[in-house]
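K.L.:
Below: one structure in structure tokens.
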Amino acid sequence: MTETVFGERMLITRGAIAVTTRDSRPLPEVGDGDVLFAVHRIALTANNVTYAAAGEMLGYWRFFPGPEGKGVLPVWGFGEVVESRAPEFAVGDRFYGYWPLATHLLVQAPVSTPGGFTDAAPHRQGLADIYNRYSRVEPRLAGEEGLDALFRPLFMTGWLIDSFLESAGDFGAEQVIMSSASSKTAMAAAFNLSRRGAVLIGLTSAANRAFTESLGSYTQVLTYDDVDTLEQKPSVYVDFAGDRALTQSVHVRLGDALKHSAIVGMTHWSHGGDTPLPGPTPTLFFAPAVAETTLAKLGPAGFADVTGRAWAKFVPAVREKLAIETLDGLDAAEDVYRDLAAGRIGGASAIVVELD
């Protein structure tokens, strides 16, 4: 694979994702038709730990190839053109999308699309299209961009979870149980599910219980120590934690009452277990695949309309709950990532990093 990430970059050891290093590569010569971007404002959340934990299984390391045995972490946010040899791109043009945790990305022969472009690099082919699309944006207030960087991709996943469950009739369940209920993706899913009256049980740590209750989306919030008090009635389990021991406890408690078990995230990636699970086999909820199916069903305009209206309702609900913390530089980003990987940052945190 051709490396496209330049400048300063954080590298993650593949197979030991808590171990990070740094390096620096000179900025490249920009060839005909190519565009060099400076990565500007990005968000770091537990979702990024999922990208690292599933980097081998789901191909996340392929987006921004790194040195042998190392991975460059994908992040959501904003970048600006700093050098262009493509007529559709001018210095200063700003785009929202999927960037490396580094200072610069070279996009070779980007394919212009209505409202943006697609990175058509050979190493990104066969990966989910939603990650390869970048949207042209006008500069806005830092707080507004920060909220977009933090929540837009996670909100979409949450919205898709609700849409998927609704189309499946909630698998006949009377309650939906969510682990890592304070995480931002869970917050988005719970917001959408609650608006159609679903009974939601949020599982979280004792430290995050008060914050999770304050969201107002969950019917009941329990700590992980309270799993044995779950009502044994038809249920769906949505696992945002990726903690095998917790999943085991939920499956044992509910048994045949558990109608569907979905794996969404890996925020507690370091915990494991090999004991067979009673009840349904957990299945991976891969948001990009569901997004493509939903897009085909609704059409681009319909999809944009329905998700746009849902986003507009969600933003006021979370803006007052979170205080965005803005940090500067790759040193800060590396520290935040390590804290996220170690589980030292809770869902109430909202961290944006400006890299330039």
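The values are calculated or read from the model by the stated rules, or taken from the named source; none is laboratory data. This is a predicted model, so every value here is computed, not measured. Here Cβ is always computed from backbone atoms with ideal geometry, including for glycine, and neighbour counts include all displayed protein chains. These area figures cover heavy atoms from the full protein model, side chains too; ligands, DNA and RNA do not enter into them. Shrake-Rupley method; radii C 1.70, N 1.55, O 1.52, S 1.80 Å.
K.L.:
Looking at segment 209-217, can you tell me whether even one residue there is on the phi > 0 side of the Ramachandran plot, among the small types (Gly, Ala, Ser) and not in a helix (DSSP H, G or I)?
P.N.:
Within segment 209-217, one or more residues are on the phi > 0 side of the Ramachandran plot, among the small types (Gly, Ala, Ser) and not in a helix (DSSP H, G or I).
K.L.:
State whether one or more residues within segment 155-167 are more than 20 Å from the chain's Cα centre (by Cα) and part of a helix (DSSP H, G or I).
P.N.:
Yes, segment 155-167 contains at least one residue that is more than 20 Å from the chain's Cα centre (by Cα) and part of a helix (DSSP H, G or I).
K.L.:
For segment 84-139, which positions are modelled with pLDDT of 95 or more, over 11 Å from residue 37 (Cβ atoms), in a strand (DSSP E or B) and open to solvent by less than 20 Å² (accessible area, probe 1.4 Å)?
P.N.:
Within segment 84-139, just 98 meets the criteria.
K.L.:
Let me ask another. Scan segment 87-98 and tell me whether some residue there is touching a residue at least 60 places away in the same chain (Cβ under 8 Å) and of a type outside the set (Asp, Glu).
P.N.:
No - not one qualifying residue is present in segment 87-98.
K.L.:
Answer with yes or no whether residue 199 is surrounded by fewer than 20 Cβ atoms within 10 Å (Cβ to Cβ) and at pLDDT 95 or above.
P.N.:
In short, yes.
K.L.:
So which pairs qualify, if the first residue must be in segment 219-243 and in contact (Cβ under 8 Å) with a residue 24 or more places away in the chain and under 21 Å from residue 158 (Cα atoms), the second must be surrounded by 14 or more Cβ atoms within 10 Å (Cβ to Cβ) and of a type in the set (Asp, Glu), the Cβ gap must be under 8 Å, and the two must be at least 6 apart or on different chains?
P.N.:
221/213; 235/174; 236/170
K.L.:
Moving on. Does residue 25 satisfy the criteria of being of a type in the set (Lys, Arg) and buried (at least 17 other Cβ atoms within 10 Å of the Cβ)?
P.N.:
It is false that residue 25 is of a type in the set (Lys, Arg) and buried (at least 17 other Cβ atoms within 10 Å of the Cβ).
K.L.:
Of the residues in segment 191-208, how many are under 20 Å from the mean Cα position of the chain (by Cα) and outside any strand (DSSP E or B)?
P.N.:
Residues meeting the conditions: 4.
K.L.:
Considering only helices (runs of 4 or more DSSP H) fully contained in segment 231-342, which possess at least 2 residues that are surrounded by fewer than 15 Cβ atoms within 10 Å (Cβ to Cβ), hydrophobic (A, V, I, L, M, F, W, C) and modelled with pLDDT of 90 or more?
P.N.:
287-319
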